[in-house]
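The values are calculated or read from the model by the stated rules, or taken from the named source; none is laboratory data. From a predicted model like this one, the values you see are computed outputs, not experimental measurements. Note that each Cβ is placed from the backbone with ideal geometry, even for glycine, and that neighbours are counted across all protein chains shown. When the accessible area is computed, the model is the full protein with side chains, heavy atoms only, and any ligands, DNA or RNA have been set aside. Shrake-Rupley method; radii C 1.70, N 1.55, O 1.52, S 1.80 Å.
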Amino acid sequence: QCLLSGSWKSDTGCRMVVSILSKDGSFSGSYLPGSAAGDSEILTSPLKGSQQDVGLVPQPTFSFTVHWQLRETSRMTAFLGQCYVGTNGEETLHALWLLREAAESPAEDWKATR
């Protein structure tokens, strides 16, 4: 059974800590990008999300958002993925993400999502 509570580290050194996992599958915690992010002004940022009921699905899907704590700009990232349990019992997360920065105007909208 795969539970998101605890600390997770990505291949690029990012760290996600899920500190509260409710019975309804909602969770919250913090996220800190690794050195690969290349932006030293990014601070530990709050995250909120939800995962499937692990009582129904042993390898649940999940989603969460991170509201980046930055000094000069506003950014949000949405993650969507699944938690897998390997044959050795090790849990791993596989996820896709979209980062959105605030655009100055509708004409700048095209470059605001990565």
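Please specify each residue of region 50-85 satisfying the condition of being assigned to a strand (DSSP E or B), more than 21 Å from A102 (Cβ to Cβ) and open to solvent by less than 20 Å² (accessible area, probe 1.4 Å).
Q51, F62, G81, C83
Which condition number in (1) open to solvent by 70 Å² or more (accessible area, probe 1.4 Å); (2) modelled with pLDDT under 90; (3) of a type outside the set (A, V, I, L, M, F, W, C) is the one that G34 fails?
(1)
If the requirement is being open to solvent by 50 Å² or more (accessible area, probe 1.4 Å), without any contact (Cβ under 8 Å) to a residue 40 or more places away in the chain and among the acidic types (D, E), which of these qualifies: E90, E101?
E90
State all residues of region 86-114 that are assigned to a loop (DSSP other than H, G, I, E, B), farther than 29 Å from D53 by Cβ and not aliphatic (A, V, I, L, M); if no residue qualifies, say none.
E104, S105, R114
Quick check, is I20 modelled with pLDDT under 90, aliphatic (A, V, I, L, M) and in contact with a Ser or Thr (Cβ under 7 Å, 6 or more places away or on another chain)?
Yes; evaluated as a whole, the condition is true for this residue.
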